1. Taking N as the number of residues in region 53-155, what is its alpha-carbon radius of gyration divided by 2.2 N^0.38 Å?
2. Residue by residue, what Karplus-based ³J(HN,Hα) values in Hz, rounded to whole numbers, does region 28-45 have, using 6.51, -1.76 and 1.60 with θ = phi - 60° and x for Gly and Pro?
3. Tell me which residues come under 5 Å, amide H to amide H, from residue 92 once H is placed; ignore anything under 5 positions away on its chain.
4. Show me 52-61, 65-74 ranked by packing, highest mean number of other Cβ atoms within 10 Å first.
5. Per-residue counts of other Cβ atoms within 10 Å, averaged by peptide: what ranking do you get for 80-89, 134-143, highest first?
6. Can you compute 3J(HN,Hα) from phi for each residue in region 101-113, using the Karplus curve 6.51 cos²θ - 1.76 cosθ + 1.60 with θ = phi - 60°, rounded to whole Hz and x for Gly and Pro?
7. Does anyone have the angle between helix 149-159 and the longest principal axis of the chain? Alpha-carbon axes, 0 to 90°, nearest 10?
8. So, by mean Cβ neighbours within 10 angstrom, what's the order for 30-39, 13-22 with the highest one leading?
Amino acid sequence: MKKLNSTTAILLDLDGVILDLEYDSKFWKFWLPETLALESKKSINVIKNELDLLMEKEESSLNWYDLNFWDELLGVDCLKIMKNQDEKCSFLEGSLEALKKISQLKNPKHILTNCDPRLFLYKAETKDFLQFFDSYLCSMQLGFTKEQKEFWALASLNLKIDLDNSIFIDD
């Protein structure tokens with residue numbers, strides 16, 4: 001277990017750590033297929049099968065997280081679909097309390113996420129979690145997903161942190 005000192009950078013993922021993943025799941029499982037079915041006159045099941053095939057091809061790639069990619073591919077505005085829902089993203093149970101405690105530490109605090117930058121800012125506007133952090137980086141800003149070693153090298157340079165003296169909290 002890593003011992004925390006005042007220079008240890010605290011790095012957190014967004015979805016699944018700070019925010020509940022249910023919001024994103026509903027977009028991909030319900031809201032997007034419903035929109036595409038209405039526009040195409042295809043059944044929800046046909047649309048879901050088509051989406052599954054498309055998503056399977058892009059899984060783990062930068063495109064997987066890029067709403068601009070999906071907007072162009074599907075001919076819809078994904079962010080607009082999300083914004084048009086009555087339901088908004090929510091804090092994961094206990095995460096707001098944890099953020100308040102972490103914010104009292106003098107350590108540098110950053111969000112590192114694969115979340116699309118436009119969606120990230122919408123979520124930040126909805127839930128005001130940026131107040132607890134010094135900065136954030138989205139994988140699209142660096143050109144690599146968090147699962148790629150290049151992401152971490154660039155994050156270290158951009159944030160001016162020593163990854164060996166950092167903790168990363170992810171789901």
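1. On the way: Rg = 15.3 Å, N = 103, 2.2 N^0.38 = 12.8 Å.
That ratio works out to 1.20.
2. Going residue by residue, I get 6, 8, 10, 5, 5, x, 4, 4, 5, 5, 4, 6, 9, 6, 8, 6, 4, 5 Hz, with x marking Gly and Pro.
3. Amide H neighbours of residue 92, under 5 Å, 5+ apart: 19, 20.
4. Numbers: 52-61: 11.0, 65-74: 17.5.
Going from most to least packed, we get 65-74, 52-61.
5. Working: 80-89: 13.8, 134-143: 17.8.
Peptide ranking by packing, descending: 134-143, 80-89.
6. Per-residue couplings from phi come out as 6, 4, 5, 6, 7, 7, 4, x, 10, 9, 9, 10, 9 Hz.
7. With both axes taken from Cα atoms, the answer is about 60 degrees.
8. Packing order, densest peptide first, comes out as 13-22, 30-39.
Since every read-out is calculated from the coordinates, none of them should be taken as a lab result. These numbers were taken from a predicted model, which means no experiment stands behind them. For neighbour counting, all protein chains shown are included, and Cβ atoms are generated from backbone atoms with ideal geometry for every residue, glycine included.
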